[in-house]
Structure formats: structure tokens, C-alpha cells
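*Asks:* Submitted below is the structure of interest, expressed as C-alpha cells.
The values are calculated or read from the model by the stated rules, or taken from the named source; none is laboratory data. A quick note: this is a predicted structure, and the numbers were derived from the prediction, not measured. Cβ atoms come from the backbone with ideal geometry, glycine included; neighbour counts cover every protein chain shown. Each accessible area value is taken on the protein alone, full model and side chains, heavy atoms only, with ligands, DNA and RNA left out. Shrake-Rupley method; radii C 1.70, N 1.55, O 1.52, S 1.80 Å.
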Amino acid sequence: MGATISINGITHHYKAGADPVLQNIENRIDSGECVVLIGRSGCGKSTLLHLIAGLLQPSEGCVKINGHQVVRPMAKWNMMFQKPSLYPWMNVRQNAGLGLEFAGRPKAEIRGRVDELLTLVGLSEYSDANVRSLSGGQQQRVALARSLATNPEVLLLDEPFSALDAFTRASLQKEVAAICRDFGITLVTVTHDIDEAILMADRVMIMNRNPGRIEHEFEVALDWPRDTAGVDFQARRRVLMEQFERSENVTPMGKPSRDRVALRRVGG
Ligand SMILES: Nc1ncnc2c1ncn2[C@@H]1O[C@H](COP(=O)(O)OP(=O)(O)OP(=O)(O)O)[C@@H](O)[C@H]1O
């Protein structure tokens, strides 16, 4: 089951008196929705993700998940980073079961759940391997299994695939989005990759900087699975690129605009 995220009037300064990194962000992400954040470097995407994860507290406003104010990180809302941060002295199974171990779950339960998840992420043959012997993509799959083990309601991904080769990246983008849809997990992903945004998102938020804000958003409205070479996919890609480029020339404003109608028209 997923969870609803409400972002209520968030403004954030890293230093008192400095210009805000994020200003007056207001949004709602529905349970089970997949949202992708894109925007130029430094517009505050990671900061917003850290605020949702409870790794940072906003200077003003608050984030609520299922109506509960986020004041610290929780296993129910799990964050994955570009580097999978695995423990090199542990094998795949031990790394994947770490969250359950911390939660004090019984050994037999951990073993069963980890076996299930390693199969889901395609690593069942590697359960006894040391994580140092795995490729970058396989290590990211271990991190994914570890994140899923605690049945998260929300998965927050900060450019998790950017260090991977194109082939591995493409399969993980599809698989993670499909897993989240199957389990109804709410997914928020930060990326610089326009194709990744259209491949994974129900809704894309385009952020702008100085101060960081959501400038524009649109619903992708494409069926699953998505084909990057398809005509509709390419049409949406063009619209997103245009919006992205246009957002650079926009002066700060209040409410983001939505582009569902325009996309529908382009897609026929
Ligand atoms: N810990 C910090 N202390 C002070 N300033 C910070 C800190 N972290 C980020 N910033 C500043 O906040 C702004 C937004 O940074 P953030 O990393 O959220 O942007 P981003 O959109 O994720 O960037 P990128 O796409 O390059 O990863 C930047 O100007 C950055 O320098």
C-alpha cells in the first residue's frame, strides 16, 4: 500500500538569512502515484526529496505522509541514492535483510522475505555472493531489495540509475516503476534524464531555481509498459523538452501550471 504525500508551504534555507533554496512549495502526491522531479542543477530537487524523507526539516511549512507530519526518517518511507551504500563485508542476503534485522524481525521471516525479494529483483542466484563481486546494476538491485523488504509506503529515489550503463539503467527504470505499480508504492524520483522521466512517471514536475520552485507539471498519460521508440513517447518527450527549456526563461511565480490537455492533444 502507498501513502499520500502533502507538501505544505515549504520554504527552506540552509543558512539563516541566506536566500531560500526552496520557496513556498505546495503539492500533493497521491497514494501509488509515480512523480518524477526534473530541473537544472541546483534548483533544489535533492533538497525537496530529503525534506520528504525526513532527512532535513524545512525552515517553514511541513511535509505530511498520510496526514502525519514527517519529523524524521522512517522505514515506511525509504530513500535510495545514486550509490547503493551496501556493507562490503556482508553478502547479498545479509545486505538485503538489514532493514528487517534492525526492525528485530525473526530470522526465519527475514530469510523468507529476502529470498522472495532477491527473486523479484533477479538476484536469487547471488544470495551468498559478496556484494563487492557484483556489478553496479546488481548492487543497485540489492539496495532495491533492501528498500522493499520493510514494505515501504513511499520510495524516494535520488538519481539512483545515473551511474549505470544505458542497458542496465533502462531495465531498472522499467522494473522499479513496475514493482511500485504492482505494490501500490508511492514513488518520487529525481533525475536529469528526460527519457527516464517519461518512462517512469505518472506526473513530471519541472523545477526552476533562484528560488527553487515547481514551475510546471504535467501528467504523462501513457499506457504501460512504455516504449521509448513509440510515437506517443517521442511526442511527450518533445513537449517535456520544450517545457523544460521554457522554464529557464520564466520569472518566479506562484502556482505551477498543468499540461495534461496539451499532452493529450499531441498524443492524438
Ligand atoms: N548541505 C547544504 N548546505 C548548504 N547549501 C546546500 C546544501 N545542500 C545543497 N545546498 C544548496 O542548495 C541548492 C539546491 O541544491 P540541491 O542539491 O537540492 O539541488 P539539485 O537540484 O538536486 O542539484 P543537482 O541536480 O545538481 O543534484 C544549491 O544551491 C546547493 O548549493
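*Asks:* Picking from Glu116, Glu159, which residue would you name as being over 15 Å from the mean Cα position of the chain (by Cα) and open to solvent by 10 Å² or more (accessible area, probe 1.4 Å)?
*Replies:* Unique residue meeting the criteria: Glu116.
*Asks:* Continuing with this model, one more query. Residue by residue through the range 174-204, note down the ones that are charged (D, E, K, R) and within 16 Å of the ligand (Cβ to nearest atom).
*Replies:* Asp193, Glu196
*Asks:* What pairs come up if the first residue lies in the range 38-56 and is at positive phi, the second is part of a loop (DSSP other than H, G, I, E, B) and open to solvent by 10 Å² or more (accessible area, probe 1.4 Å), and their beta carbons are under 8 Å apart, counting only those six or more places apart or on different chains?
*Replies:* Gly39/Arg209; Gly42/Arg209; Gly44/Val21; Gly44/Arg209; Gly44/Pro211; Gly54/Val71; Gly54/Arg72; Gly54/Pro73
*Asks:* Sticking with this structure for a sec: Looking only at residues that are away from the ligand (no atom under 16 Å from the Cβ) and in contact with a helix residue (DSSP H, G or I) (Cβ under 7 Å, 6 or more places away or on another chain) in the range 155-173, which one is farthest from Ala235 (Cα to Cα)?
*Replies:* Leu155
*Asks:* Across the range 174-195, which residue is most open to solvent (accessible area, probe 1.4 Å) among those that are assigned to a helix (DSSP H, G or I) and closer than 24 Å to Ile65 by Cβ?
*Replies:* Among residues in the range 174-195 that are assigned to a helix (DSSP H, G or I) and closer than 24 Å to Ile65 by Cβ, the one most open to solvent (accessible area, probe 1.4 Å) is Asp182.
*Asks:* Take the residues in the range 144-156 that are within 16 Å of Ser31 (Cα to Cα) and open to solvent by less than 50 Å² (accessible area, probe 1.4 Å); name whichever of them is modelled with the lowest pLDDT.
*Replies:* Among those that are within 16 Å of Ser31 (Cα to Cα) and open to solvent by less than 50 Å² (accessible area, probe 1.4 Å), it is Pro152.
*Asks:* Return the total of residues in the range 110-145 being in a loop (DSSP other than H, G, I, E, B) and of a type in the set (Ser, Thr, Tyr).
*Replies:* 2
*Asks:* What tally of residues in the range 197-252 results from selecting those that are hydrophobic (A, V, I, L, M, F, W, C), touching a residue at least 12 places away in the same chain (Cβ under 8 Å) and part of a helix (DSSP H, G or I)?
*Replies:* 10
*Asks:* Consider Arg141 against the criteria (1) touching a Cys at 6+ places or on another chain (Cβ under 9 Å); (2) crowded, with 23+ Cβ neighbours inside 10 Å: it satisfies all of them except one. Which criterion is unmet?
*Replies:* Arg141 satisfies all of (1) touching a Cys at 6+ places or on another chain (Cβ under 9 Å); (2) crowded, with 23+ Cβ neighbours inside 10 Å except (1).
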